[in-house]
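Some notes on the structure that comes next.
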Amino acid sequence: MNMVQQFDPAQVDYSQDLGTPGAESDVKVTVQIDGMPVSVPEGTSVMRAAAMVGANIPKLCATDNLNAFGSCRLCLVEIEGRPGTPASCTTPCAEGMSVHTQTPRLDKLRKGVMELYISDHPLDCLTCPANGDCELQDMAGAVGLRDVRYGMEGENHLDRGKDESNPYFTFDSSKCIVCSRCVRACSEVQGTFALTIAGRGFGSQVSPSEQQPFFESECVSCGACVQACPTATLQEKSVIDLGVPSRKVKTTCAYCGVGCSFTAELRGDEVVRMVPDKQGGANEGHSCVKGRFAWGYAQHQDRVTTPLIRDSIDDEWRPVEWDEAISFAADKLKAIKSQHGVDAIGGITSSRCTNEEVYVVQKMVRAAFGTNNIDTCARVCHSPTGYGLKQTFGTSAGTQDFASVEQSDAIMVIGANPTDAHPVFGSRMKRRLRQGADLIVIDPRSIDLVRSPHIQAEHHLQLMPGTNVAVLNAISHVVATEGLMDDDFVYERCNKTSFKAWLDFISLPENSPEALADITGVDAESLRAAARAYATAGNGAIYYGLGVTEHSQGSTMVMAMANLAMATGNIGRLGVGVNPLRGQNNVQGSCDMGSFPHEFVGYRHVSDDTVREQFSSEWGVTLREDPGMRIPNMLDSAVSGEFKGIYIQGEDIAQSDPNTNHVAEALRAMECVIVQDLFLNETSHFAHVFLPGTSFLEKDGTFTNAERRINRVRPVMTSRTGLSEWEATCALSEAMGYPMPYESASEIMDEIAELTPTFAGVSFDLLDKLGSVQWPCNEQAPEGTPIMHKDAFVRGEGQFMTTPYVPTDERSTRKFPLLLTTGRILSQYNVGAQTRRTDNVVWHAEDVLDIHEADAEARGVKDGDWIEIASRAGQTRMRARISDDIPAGVVYTTFHHPVSGTNVITTDNSDWATNCPEYKVTAVEIRPSSEQRA
Ligand code: SF4
Ligand code: SF4
Ligand code: SF4
Ligand code: FES
């Protein structure tokens, strides 16, 4: 009997390259591939349909994350009733089509094509770094090529040179088959358009920018072209040095809040390369330079892998075994506790650590230390997000998944620079913008998105630092007074009393664009146009960053954005929402895990008797009902002599927190500072105990990204310190008298799930099965919740909050006439502890101060001059760069290098609700400096 194999869509391996992207259509067409019926969405290519049933058609120029191009002619097929041999990558399936992928005629044609390619290719397979991992080699095998009759004489491209200018990959033009995959990856996936095919015909060649070396071109080293290249033309230098990898482990990037999934490819215990995971929910196969290439810090010689102790910060460090370090630390903390009481000690959790590591630290502080003096580094970045979104929507988290932006019609980016700080999401957003969504940028700086290849912001509101709330109030005023609200949404979904109060407030003439123009620096007509664009687009989405939160009115601004989204009905479906772009990899997670002094895991107040009882009973200890101290309170209390001991997990507060002099004074005043980190950082200068931390390559656990996506972090190599971080914390807790006998990170997550309604369904098993999951994940949402507040807000009715604009105390004065704002750049990350220990320093070896030409000229400062910057908090020196990205009156710098002392000059002003520091506004004066460093 002739059995026809049935196609089962569930059996398709989507991790393999299916040749062309999937089609989005509800209409299905059925075709026969070599006699096997397969139903696919209309628009699916013949190549993809064939790959889905395992009939892989030879290909070179096609790959399934790029649109089909049809240049190599290797993927020819025969279709019954159609003349010729069409390319399967560019031929869509049609109902009833019968395709043959293997025939003698096709074999001959494909062999001919391959023969031509190979005839102009260096025949050095055995010594080529891609040997065994090369599509050209695979295809030669697939088509059965045995002879190459041409190319021994005549013209070829074999003498073309190598470009080794990029620190991470080489470009060997002699191996290029001009398939254009790299060019398309740079345009379609990354959106940088750094590559073109220069020349014509035989002279065609890949060219970075204007035929420049990669390093000097517009390339941002995302590596998408390297990944797309089917030959060794574009090749990671690590593969050339170490050889083709032999084993793989799936894990998650430990840099930013995008949370890209990767496959770490290794030889033995050595990482050879990081390959972005095509099935990663956050990144879908893309990455930036940091995640793909800047992982070398994990094996850097500066890593401290042995515990260190000392009695005084003036002593030398003494390396000791773990047991001695733990009992030394516990004895010191216990002594402080008995002499000064439980409120004299506390801890800080890290947004760079896993959920499980964070959870055990806050548990240790609450249960073993006996205090709620626990805070997190998220205090200094996104705490206003937690506060503002909880007040208005009921949940301290962003509303959408990243893919939602693909449905947005107007995208409002406020105080964020996605192409530098959240690059993979930036690329996704740029794709949508190229498709025609409107872009509104609200930022004092002209960030890349304002004008980049094929993108031009329709609206750039270049406001003065510190006036966010005034601008958002003015936008809402336009919406409210020009009849642009979604009355049905407000009526059905929001609290009417709060809406009425807000409407009365926002409609006041003092909130009009005209009234506020002088304060904000934004002309009224531009602002009105932007407001109309957002409100009338259809799907309006707001994305924001630290340029919103790190202000004295950070929480007010978050609520102002939530008001605007509710008033226009832009909540609860794809394409809309209010979305924080989180800074560090696990900012969302560290907040979720109960790191704030007033909240247990899942944002439940410590004063709630029912919740506290639940934790008390599970942990077997009586818990305090009064909130503990925040980081600034702990530091102030240390300076005044009451707070004496602190456990700091993976955060360099001496560099990253504002007003460095004050932080240093507080740390110096303490009797016991315990630092857990990879490197001896600035904070460790004040520490008595240094507990070596583990890099993400050694961790086992989970990170939660900006879209609430919980991703697995899997140990790629054995811990270099002998203990995982949670084991070290548990050892300290036990030495303090409170054992936490976990056997594994998975067991910690099980406890989190048991105690937290929004995590009730989360387990390592589920994550291994689904890849990742967005919380809430529980009985109502067993596979997670990509979009929140769909039918109702988590708090029930959406709550409008009135948001009066209160100018910051930090204004320009005669003495300090310029406003300094800070940010970060693509190649570096936060305080640079990791990226400074990689080749990324070639792009940013020092922090510089951007200054407008008029301000520079008025002070006699030229491009590249050393300058002194002074604020009322302190002073430092760095080089100046004349820039027209910022308006006159504003200066800008990064804080990636400790030597720059950027935070010496930032003040201790902070958000009224959360104490998040006002990093984004510091009044300063600049003058030329004869010296080079402070
Ligand atoms: S590394 Fe990225 S930005 Fe650079 S050329 Fe390749 S794809 Fe373009
Ligand atoms: S560099 Fe690689 S991807 Fe680009 S055209 Fe050449 S072979 Fe194709
Ligand atoms: S975008 Fe963020 S998470 Fe993704 S690779 Fe880059 S740094 Fe890592
Ligand atoms: S893979 Fe179809 S033409 Fe190249």
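Helix 423-434 versus the longest principal axis of the chain: what is the Cα-based angle in degrees, 0 to 90, to the nearest 10?
60
Please give me, ordered by residue number, the GluC sites (Glu not before Pro) of the stretch 140-197 that lie in loop per DSSP and have at most 10 other Cβ atoms within 10 Å.
Details: sites: Glu153, Glu155, Glu164, Glu188; in loops: Glu153, Glu155, Glu164.
Those satisfying the criteria are Glu153, Glu155.
Compute the angle between helix 609-619 and the longest alpha-carbon principal axis of the chain, please, reported from 0 to 90 degrees and rounded to the nearest 10.
Long axis of 609-619 versus the principal axis of the chain: about 70 degrees.
Roughly speaking, what is the centre-to-centre gap between the stretch 490-554 and the stretch 146-192 when only Cα atoms are used, to the nearest Å?
Taking the Cα centre of the stretch 146-192 as reference, the centre of the stretch 490-554 is 51 Å away.
Does the stretch 272-401 come out rounded, prolate or oblate, given a ≥ b ≥ c as the square roots of the eigenvalues of its C-alpha gyration tensor, rounded meaning a/c under 1.5 and, failing that, prolate meaning a/b above b/c?
Oblate.
Just round it to a whole percent: the fraction of Cα-Cα distances in the chain exceeding 54 Å.
16
Less than 15 Å Cβ to Cβ from Val478, Lys/Arg counted +1 and Asp/Glu -1: what total charge do the surrounding residues give?
Values: positive: Arg528, Arg532; negative: Glu482, Asp486, Glu510, Glu514, Asp523, Glu525.
Local net charge: -4.
Rounded to the nearest 20 Debye, what is the dipole magnitude of the chain about its Cα centre when Lys and Arg each give +1 and Asp and Glu each give -1 at the C-beta?
1300
Of Pro692, Val578, Tyr168, which is farthest on the positive side of the dipole of the chain, counting Cα position, with +1 on Lys and Arg Cβ, -1 on Asp and Glu Cβ, and the Cα centre as origin?
Selected residue: Tyr168.
Taking K and R as +1 and D and E as -1, what net charge do the other residues with C-beta under 12 Å from the C-beta of Arg105 add up to? Kindly include the intermediate steps, with their values, before the conclusion.
Working: positive: Lys108, Arg110, Lys111; negative: Glu78, Asp107.
So the surrounding residues net to +1.
Cut-off under 26 Å on the C-alpha distance; same-chain residues fewer than 8 positions from Lys862 excluded. Which lysines are left, in chain and number order?
Within the straight-line limit of under 26 Å, Lys862 reaches these lysines: Lys815, Lys920.
How about the stretch 95-146: which trypsin sites (Lys or Arg not before Pro) there lie in a loop by DSSP and see at most 10 other Cβ atoms within 10 Å?
Arg146
How much length, in nm to one decimal, is gained on full extension between Arg318 and Ser617, taken as 0.36 nm per residue of separation minus their Cα-Cα distance?
103.6 nm
Need one number: nm distance between label points at Gln435 and Asp302, each 7 Å from Cα along Cα→Cβ, rounded to one decimal.
My value for the distance between the label points is 4.2 nm.
Structure shown: which of Lys363/Lys390; Lys28/Lys430; Lys175/Lys237; Lys237/Lys699 lie over 19 Å apart, alpha-carbon to alpha-carbon?
Lys363/Lys390; Lys28/Lys430; Lys237/Lys699
With a cut-off of 8 Å between alpha carbons and a minimum separation of six or more residues, what is the relative contact order of the chain in percent?
13
For the stretch 738-849, rounded, prolate or oblate, judged on the Cα gyration tensor with a ≥ b ≥ c (square roots of eigenvalues), a/c < 1.5 rounded, else prolate if a/b > b/c? Display every interim value, and only then the final one.
Numbers: a/c = 2.57, a/b = 1.43, b/c = 1.79.
It comes out oblate by the Cα gyration axes.
Roughly speaking, what is the centre-to-centre gap between the stretch 248-298 and the stretch 407-428 when only Cα atoms are used, to the nearest Å?
Between the Cα centres of the stretch 248-298 and the stretch 407-428 lies a distance of 21 Å.
On a C-alpha basis, how far is the centre of the stretch 621-678 from the centre of the stretch 308-382 in Å? Whole number, if you could?
10
What shape does the stretch 431-524 take by its C-alpha gyration tensor, where a ≥ b ≥ c are the square roots of the eigenvalues and a/c under 1.5 counts as rounded, a/b above b/c as prolate, and the rest as oblate?
oblate
Among the GluC sites (Glu not before Pro) in the stretch 766-829, which ones are in a DSSP loop with at most 12 other Cβ atoms within 10 Å of the Cβ? Mind listing them? Please report the intermediate quantities before stating the final value.
Values: sites: Glu779, Glu783, Glu797, Glu810; in loops: Glu779, Glu783, Glu797, Glu810.
When the GluC sites (Glu not before Pro) of the stretch 766-829 are filtered for loop state and at most 12 Cβ neighbours within 10 Å, Glu779, Glu783 remain.
With n ≥ 4 as the cut-off for DSSP H runs, can you work out [θ] at 222 nm for the chain, using -39500 (n - 2.57) per run divided by the number of residues, rounded to the nearest 500?
-7500 deg cm²/dmol
Going by alpha carbons, how many degrees (0 to 90, nearest 10) lie between the helix axis of 496-506 and the longest principal axis of the chain?
Computed tilt is about 90 degrees.
Among Val77, Val424, Val183, which comes first, second and so on when ranked by fewest other beta-carbon atoms within 10 Å?
So the residues, fewest neighbours to most, are Val183, Val77, Val424.
Give me the net charge for the shell around Ser327: Cβ to Cβ below 13 angstrom, other residues only, Lys and Arg +1, Asp and Glu -1.
-3
Test of understanding: ordering Ile631, Ile313, Ile787 by Cβ neighbours within 10 Å, fewest first, what list do you get? Working shown, then result.
Numbers: Ile631 27, Ile313 14, Ile787 19.
Ascending Cβ contact count within 10 Å gives the list Ile313, Ile787, Ile631.
To check you understand DSSP bridge types, tell me what percent of the beta bridges within the chain (both residues inside) are antiparallel, rounded to 5. Could the numbers behind the result be given before it?
Details: 63 of 107 bridges.
Beta bridges within the chain, antiparallel portion: roughly 60 percent.
Under unit Cβ charges (Lys, Arg +1; Asp, Glu -1), what dipole magnitude, rounded to 20 debye, does the stretch 1-73 have relative to its Cα centre?
Using only the charged Cβ atoms, the result is roughly 260 debye.
Dipole of the chain (Lys/Arg Cβ +1, Asp/Glu Cβ -1, origin at the Cα centre): which of Gly796, Ile506, Ala437 lies farthest to the positive side?
Ala437
Quote to one decimal, in nm, the extra length available between Glu510 and Lys790 on full extension: 0.36 nm per residue of separation minus the C-alpha distance between them. Provide the component values of the computation, followed by the final result.
Working: separation 280, 0.36 × 280 = 100.80 nm, distance 3.40 nm.
Fully extending the segment from Glu510 to Lys790 adds 97.4 nm.
Positive end of the dipole of the chain, charges at C-beta (+1 Lys, Arg; -1 Asp, Glu), about the Cα centre: which of Gln205, Gly191, Met559 has its Cα farthest in that direction?
Gln205
In nm, to one decimal, how far is the Thr536 label point from the Ala94 one, both placed 7 Å along Cα→Cβ?
4.3
Here, each number is a calculation from the coordinates, and none is a lab measurement. Everything numeric here is computed off the predicted structure, so don't read it as measured data. Every residue, glycine among them, receives a Cβ derived from its backbone with ideal geometry; neighbour counts consider all protein chains shown.
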